[in-house]
Every structure is written in C-alpha cells, then in structure tokens.
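For reference, the structure is listed below as structure tokens.
The values are calculated or read from the model by the stated rules, or taken from the named source; none is laboratory data. Quick caveat, the model's predicted, so the values are computed rather than measured. Backbone-built Cβ (ideal geometry, glycine too); neighbour counts: all protein chains shown. These area figures cover heavy atoms from the full protein model, side chains too; ligands, DNA and RNA do not enter into them. Shrake-Rupley method; radii C 1.70, N 1.55, O 1.52, S 1.80 Å.
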Amino acid sequence: MKYLFADLETFSACDIKRGAHRYAEDPSTEVLLFGYAVDEQPARVWDVTAAPEMPEDLKLALAEVTAGRAKSVWHNGMNFDSVVLDYLGIVSLKPEDVIDTMVIAYEHGLPGSLADLSSIYRLDEDHAKDLDGKRLVQLFCKPRPEHVKLRRATRETNPDDWARFVNYCRLDVEAERALFKLLPKFNISRKERELQALDARINRRGMLMDMELARAALRYAEAEKARLRAKTSELTNGALDNAVRTEALRAYLNDRFGMKLESLQKSEVEKLIAAEGIPEEMKEILRLRLTSAKAAVRKFKAIVDCTNKDGRLRGTLQFRGAMRTGRFSGRLFQPQNLSRPTIKSWQEIEGVIELAKQGTLEWLYPDVFDALTNCLRGEIIVPPGRKMVVADYSNIEGRTLAWLAREDWKITAFEAFDRGEGADLYKLTYSKAFNVPVEGVTKAQRQMGKVLELAMGYGGGAGAFVTFAKGYGIDLHAMADDVMPVVPQDVAEKSASTWEWAKENKRTGGLDRQVFIACDSVKRMWRNANPHIVRFWFEAEDACVTAIHEGRRVTFCNGRLAAERRGNWLTIQLPSGRCICYPSPKAGELGEGTGGFVYYGVNQFTRKWEKIGTYAGKIVENITQATAADILCEALPRLEAAGYLPILTIHDEVLTEAPDAEAYNHKAMESLMCELPKWAAGLPLAAAGFEGCRYRKD
C-alpha cells in the first residue's frame, strides 16, 4: 500500500473554534502551505502563495489516493484537512481515503495533539513538532490584532518567519509519518475504518438547527446579562459588575465579608447559599453568579457561531474521543452534556420556544436563563419532508454489566420486564437487597433501588451512595431511620466497625454515625444481592495485574474478556474484539493492599499526561462502557443502511433523519438498534424512542 503523508496550513478570518465546516465555508479561507511526502521520500512543501499550480508529484499522489490505490495519512485530517480541501475545491477525499493519526491515538488511549504525541514518543528534533510553530500559526494563519498596523502577515511582509513557517509545515509531515509508524495498531481493523468513515459522514451531514430560536435566545441572553451586571454592581456599590469573574468575586467576598473561598464551583456555591449564618447580601451575590454562569447561553452562542449558511451544524462528534472507553465525545456546542430539562412537559417547552421567538418569554418566565436551558434540545430540527426518529438504549450500562458478570437474576429480570411480565429493575433491586416482597416496594423504596443501581455497580461505597442519593433528593437521615430496622444485625455490626475505622482515619465524608452506618449497610446489602458483579470487579483487577507481572494473556469473565501485556501496553480485549488500552502499566504502585495498577493518561482534572491509578471497579466501568459503545457502533451502520440517517449520538441515544413516511418510525428503529451481534448473544437489550420534527428528552 502506498501512503501520502500530508498536512495543511491555512488562513482565515474565521475563528477555527467555530469548527472546520464553518471555517472552510468562510470566503476568506485559503490554503497557504500543503506539506506532503510519498512513502519514504523526503517531505516537501507546496507554497500555494508562491506557486498556485499544484506540483506534479503531489497531483499524481492525490490521484492515486482518489482512485483507491493509495491512502492519505493526516493528523486530524478526517475532520479538518479533508473538509477544507473539499470546500475549496482542491480535491475531494472520501472518508475511506483518509487515515487519521489523531483517531489512531484516541483509539489507543493517547492524547490527540500532535505536539503531545511527539513529546510522549520523544521524537528527535527533526521529527518533533516545531515548538515555535504556535507563534508562526498565530502570525500567518489569522488576521493580526486590530491594534496592529499590519493587518495580515504574509510571505512578503515577514520573509524570515515565512521560511520558518514552511519548515514548520515540513516538520509536521515528518512528525506525522514517524508517529504513524510508532503508534500502536491493536485496534486497527476493517470494522474500525468503516466506523471512522461513518462518523465522518455523520459530521459532514450535520443537523438542521432552529436558527430563529438560537438568535432569539442570544438576544435574551445579552439583555439578561446586562441586567445581571447592573444588579451585581448595585449590590456591591460598584465594586463588581460581573459575578462570573472568579478572582474579582473571591477578592470582594474576602474584603466585604471576610470569607476566603477556595472554590466558587457550582456545587460549592450552592452549599453556601443553603448554609446558615451566611449573610443574605452575600447569598444574593452568589445567586447572581449561578444565574450568570449558566452554560445554556454559551451553547446558543456556539450554535450561532458554528452553524453553516444552510442552517446545518456540522462536526459535533469526535470518533473514539473518550480515550479509555472509545465512546464518541462532543465538539463545538458539546451535545454530550445537555442539561436535563427542569420543565417536565414537552408541550410547555414548545410554548417556551414560541414565546422566545416572539420576544415575550419574560412575561411568563422571570428566570429567562432557566427557561432557555429547557429549549436547547429543541434547537435540533429536521427539514420539510423529513422527520426525526430517535431511540435511546434503556439502561444499557446496567444490562451490559449484568450480562458481562453473568448476574443471572438480573438478566432474567430485564428479559421479563421487556416482555411486560415483571417488575422494573429498581423495585427488584430493593426487594433483593432488603429481602422484601417486590409487590410491597413503595415509590420511595424504588427510588432507593435506583440510587443503589447507579451508585454501586462499579465498586462504589458509602460516599458514592451519598453523592447519588443527594442528586435524587433523598433525605439521608430519613433514609437511615427507614432502613436500619430492616438491616440484618451482622451487616449493621460490620458497618459499625467500618465507622470506627473511618472515624480514626478521617474518612467519614462528613457524615454522622447513624447516616454513615446506614449508607455502608445498604452498600453491603447491594453487594450481597449481586455476588457475580462483585466477583467480576476483582476478576478484572486480578487478570490485569497478573498480565502486567507475568506478561501473558489472561482470560476472565467466563472467557469473554482477556487482559494481555503487549510490550509497554496493557490491553483488555472486549467481546467485540476491540481493545481498551492502558499505556505504560505498572502494578504495585498504589500502595500495599490497594490492588489495581497505574498507567499513563490525560488526567481529567489537570489535563496533563501523567500517571493515573485505577482499581477493580474503575476497570469494570471502563469495560462496561466500552462494550456499550460497541453495541451502539454495531447499530449505526444498520440504521444508515435502512434509511435512518444518523445526525448525532448522545451517549446511548441516536438521532436520525428519515423520510416523513409511516414506514419509518421509532418502533422499527428500536428493533434495528436491538439486533444483537454474534458476540453479544444473550445480552438483554431494549430501546425506547419517539418521532417528530424537533429533538426532545422523551
């Protein structure tokens, strides 16, 4: 196979943060440099500004690629370079023509940045990304700042820097080629390539957005922000005009109230507002901060900024962007973290949308920001003659975990419920944990069962239970009063012993004795009811640690999974055949008796490449979520082939556009999504959906 390694440097007045499709569409966008190398030939750079005619060797190489006799290799080429080349009419590369080293990195648990990868692989200076490149990109790839007399730097205005820029482009190609050889290929398969191409088609298809709503929301947002700034200034006697500016607000609260606050994150601010003894004036300022900082406004702005002229928003998915599990991650307006509606009725939300468009929203909804947050899902619409068909897997993580662990009572329960014959899982969970008849489980007890399922599946303890319980509005003291009379004596005694240990080691999580013992007791009772899942945690950890120490393949989970040390990598092969990858694993570094292992990854808090510790429950969480992602990926090609064109995935939910005909409906889509691949035989899969002209949370 012949390879063309390539990289572009471009100019545009459009901010690249608006996404590749909006960027490429902008009239000011142009290609400056086209770096390339064929196989092992030295990298060259076509300076488009100096010689508009494409070099013959590059022309021939691209012809080989488009004819299917060669592949082009790019870094982020699937979602940027090939998009720009297509919009500008230089060459049309099909997704199947493109190999993307950024995606290969994501597929194997590595960061996507070329500079980060060059550092991780310690490429020598000739092959490493030029560290001066950021300055050169700022200089040549965008307009100069307004206060600078020279509005655009070019080859003519800055010849010395231009020569460095050309070399920077050449080095990018060299680094990309070197990394292509060095990157692991455990997950390179025909199926993965087909899924990459499908993801590219979804991104290029995009989704139609209600721009009238988005612009109306922005107008409201600007007016509301002005009101909040004025209110903040009034409350602080002009000392502050914006409660969102963290450092200024922290300094003001210290000076005015003597409060030295380490964190002004939402959860901490909410605690302060609810706390006794905090001055009402301070609480009001903190309320203004919460209102001003709502993410909905930023999302509406992203929609307006990033949507193409045809009203479609493109490029919102990153294939395998969640590096450990391989789930899709979100881009641009971040569809993966849309907040849950606070208005429960969809009819009411439709009314809010119409009021926003009419400019009369504040007449009925004084908290404009909160009302607009409910409209975000409704931004996604379909054109005339089409309808939106949506389906979401039902509790796919819980079902996948039970199937992997072979927790048979749970699998049977899911199957019975899907046939319409049995109680739902949350009632059964409470019934099983507390040994009470399922028929007598109350609404409050079912809620307890739900919290147990969400909190306990990946090794969570009392702390995890508390977090989820608070999220679902459970009063912990009332819960303790209710459950302790039915907790078996031996369980209560073990939990009391754990309390003494936690108190001595300052690990009580701020809970009093009664609540701690109750939370620890329900944890123990859930584990007693789910012995196969508990065994799965430690099987997974033992297999990984054994594979690291002994350098051999270790199967577990009844042969469905396999851990293996491959050079400087630990892989866990999933039932689908795909692998979860852990770079540079080492066991025994988490402390004596803690189990687990460490590996290198991007720390979600520091965003740095560093050692990360993992343990039994977290390993199983990775495996379960990765397997669920594989189920979703199996369904996407079937949906597209059947005429349900995917426009977005949000976790375990798929949004599609289909012809507005009776034959296309959510029941048929649900059936397509629940067809099991051979490797998932016996998994109790179910989906639920709806159809309409606008997206909603059904």
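Look at the stretch 405-426: where a residue is under 21 Å from N558 (Cα atoms) and a partner is open to solvent by less than 30 Å² (accessible area, probe 1.4 Å) and of a type in the set (F, W, Y), sitting 6+ places away or on another chain with Cβ atoms under 6 Å, you get A405/F536.
For the stretch 374-422, residues that are out of contact with any Leu (no Cβ under 9 Å at 6 or more places or on another chain), under 22 Å from T342 (Cα atoms) and of a type in the set (S, T, N, Q) total 1. Once the stretch 659-684 is narrowed to residues that are within 24 Å of R314 (Cβ to Cβ) and more than 26 Å from the chain's Cα centre (by Cα), the residue that is most open to solvent (accessible area, probe 1.4 Å) is D660.
Could we say that F11 is within 34 Å of the chain's Cα centre (by Cα), touching a residue at least 24 places away in the same chain (Cβ under 8 Å), closer than 30 Å to A302 by Cα and surrounded by 16 or more Cβ atoms within 10 Å (Cβ to Cβ) here? The answer is yes for F11. Scanning the stretch 333-345 for residues that are open to solvent by 40 Å² or more (accessible area, probe 1.4 Å) and outside any loop (DSSP other than H, G, I, E, B) turns up just one, N337.
Only residues that are open to solvent by 10 Å² or more (accessible area, probe 1.4 Å) and either touching a Leu at 6+ places or on another chain (Cβ under 9 Å) or under 20 Å from V83 (Cβ atoms) (or both) were counted across the stretch 171-183, and they come to 3. Answer yes if at least one residue in the stretch 588-601 is part of a strand (DSSP E or B) and open to solvent by 30 Å² or more (accessible area, probe 1.4 Å), and no otherwise. Yes, there is a match, as at least one residue in the stretch 588-601 is part of a strand (DSSP E or B) and open to solvent by 30 Å² or more (accessible area, probe 1.4 Å). When the stretch 77-102 is filtered for residues that are under 26 Å from the mean Cα position of the chain (by Cα), open to solvent by less than 50 Å² (accessible area, probe 1.4 Å) and closer than 16 Å to I202 by Cα, the ones remaining, listed by number, are G77, M78, N79, F80, S82, V83, P95, V98. Within the stretch 439-466, being assigned to a loop (DSSP other than H, G, I, E, B) and closer than 15 Å to K523 by Cα holds for G457, Y458, G459, G460, G461. For Y23, the criteria (1) open to solvent by less than 40 Å² (accessible area, probe 1.4 Å); (2) outside any helix (DSSP H, G or I) hold in every case but one, which is (2). Checked against (1) surrounded by fewer than 18 Cβ atoms within 10 Å (Cβ to Cβ); (2) within 33 Å of the chain's Cα centre (by Cα), T49 passes all but a single condition, namely (2).
The residues of the stretch 531-584 that are small (G, A, S), over 19 Å from A681 (Cα atoms) and in contact with a Phe, Trp or Tyr (Cβ under 6 Å, 6 or more places away or on another chain), listed by number, are A543, S584.
Of all residues in the stretch 395-438, count the ones that are part of a loop (DSSP other than H, G, I, E, B) and open to solvent by less than 40 Å² (accessible area, probe 1.4 Å). So the answer is 4. At least 3 residues being more than 18 Å from Y36 (Cβ to Cβ) is the threshold, and among the helices (runs of 4 or more DSSP H) wholly inside the stretch 81-192 those reaching it are 101-107, 114-120, 133-140, 159-182. Scanning the stretch 227-269 for residues that are open to solvent by 50 Å² or more (accessible area, probe 1.4 Å), part of a helix (DSSP H, G or I) and closer than 11 Å to I285 by Cβ gives K231, E234, R256. Any residue in the stretch 528-551 that is on the phi > 0 side of the Ramachandran plot sitting within a Cβ distance under 7 Å of a residue that is open to solvent by 10 Å² or more (accessible area, probe 1.4 Å) and outside any helix (DSSP H, G or I)? List the pairs, counting only those 6 or more apart or interchain. Pairs found: G551/R565. As for the stretch 231-245, it holds no residue that is touching a strand residue (DSSP E or B) at 6+ places or on another chain (Cβ under 7 Å), under 29 Å from I16 (Cβ atoms) and of a type outside the set (S, T, N, Q).
Of the residues making up the stretch 366-387, just one is touching a Phe, Trp or Tyr at 6+ places or on another chain (Cβ under 6 Å) and in a strand (DSSP E or B), namely I380.
For R219, the test of being open to solvent by 30 Å² or more (accessible area, probe 1.4 Å), assigned to a helix (DSSP H, G or I) and closer than 18 Å to S292 by Cα is passed. For the stretch 649-668, filtering for residues that are without any contact (Cβ under 8 Å) to a residue 60 or more places away in the chain and part of a loop (DSSP other than H, G, I, E, B) leaves 3. When the stretch 318-332 is limited to residues that are touching a Gly at 6+ places or on another chain (Cβ under 7 Å) and at negative phi, the one that is most open to solvent (accessible area, probe 1.4 Å) turns out to be R331.
Filtering the stretch 187-216 to residues that are within 30 Å of L570 (Cβ to Cβ), among the basic types (K, R) and open to solvent by 60 Å² or more (accessible area, probe 1.4 Å) leaves R190, K191. Pairing each residue of the stretch 352-369 that is more than 14 Å from L213 (Cα to Cα) with any residue that is open to solvent by 20 Å² or more (accessible area, probe 1.4 Å) and assigned to a helix (DSSP H, G or I), provided the two are 6+ apart or on different chains, yields C-beta distances under 8 Å for E362/Y220; W363/L355; L364/L355; Y365/L355; D367/T291.
When L313 is tested against (1) closer than 25 Å to R638 by Cα; (2) out of contact with any Cys (no Cβ under 9 Å at 6 or more places or on another chain), just one condition goes unmet, and that condition is (2). Being at pLDDT 95 or above, open to solvent by less than 10 Å² (accessible area, probe 1.4 Å) and among the acidic types (D, E), is that true of even one residue in the stretch 152-162? No, because not a single residue in the stretch 152-162 is at pLDDT 95 or above, open to solvent by less than 10 Å² (accessible area, probe 1.4 Å) and among the acidic types (D, E). Taken over the stretch 382-411, the residue count meeting the criterion of being among the polar types (S, T, N, Q), out of contact with any Ser or Thr (no Cβ under 8 Å at 6 or more places or on another chain) and modelled with pLDDT of 95 or more is 0.
A single entry from A37, A61 fulfils the requirement of being closer than 15 Å to R170 by Cα and not in a loop (DSSP other than H, G, I, E, B): A37. State yes or no: is W46 in contact with a strand residue (DSSP E or B) (Cβ under 8 Å, 6 or more places away or on another chain) and closer than 30 Å to Q573 by Cα? No; evaluated as a whole, the condition is false for this residue.
Among all positions in the stretch 274-287, there is no residue which is out of contact with any strand residue (DSSP E or B) (no Cβ under 8 Å at 6 or more places or on another chain), of a type in the set (V, I, T), touching a residue at least 40 places away in the same chain (Cβ under 8 Å) and open to solvent by 60 Å² or more (accessible area, probe 1.4 Å).
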